[in-house]
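Here is the structure we will look at.
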Amino acid sequence: MSTVTIVVVGIWNAVLLTALAAAIHWRDRVLQWVTKLDGLNRNPWATGSDDRWAAFLAEHPELIDR
C-alpha cells in the first residue's frame, strides 16, 4: 500500500471513530431526533398503551399471573 492510501484510511477511521464517539455521547439527543422525525410520540407511557395492553390481556387470560 502506498503512503497516501494509509493516510487516507487513517483519516477515514478517525472520522468514523469521532462520529461514533459523538453518537454515544449524545445518544439521547440523537435518538430523540431520529424518533421524532415524523412527529409521532412513541413513548408507551405517554401514549397510553395501558389500554392496548389491558385489551390484549383480556383476550389472553392465560398470560395473567395469578
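Number of residues in segment 33-58 that are modelled with pLDDT of 70 or more and hydrophobic (A, V, I, L, M, F, W, C) equals 8. Of the listed requirements (1) of a type in the set (V, I, T); (2) at pLDDT 80 or above; (3) exposed (fewer than 10 other Cβ atoms within 10 Å of the Cβ), V7 misses just one: (3). Taking the stated definitions as given, is A14 surrounded by 10 or more Cβ atoms within 10 Å (Cβ to Cβ), assigned to a helix (DSSP H, G or I) and modelled with pLDDT of 80 or more? So A14 passes the test.
The values are calculated or read from the model by the stated rules, or taken from the named source; none is laboratory data. Source: prediction; values computed, not measured. With ideal geometry, Cβ positions are generated from the backbone for all residues, glycine too; neighbour counts draw on all protein chains shown.
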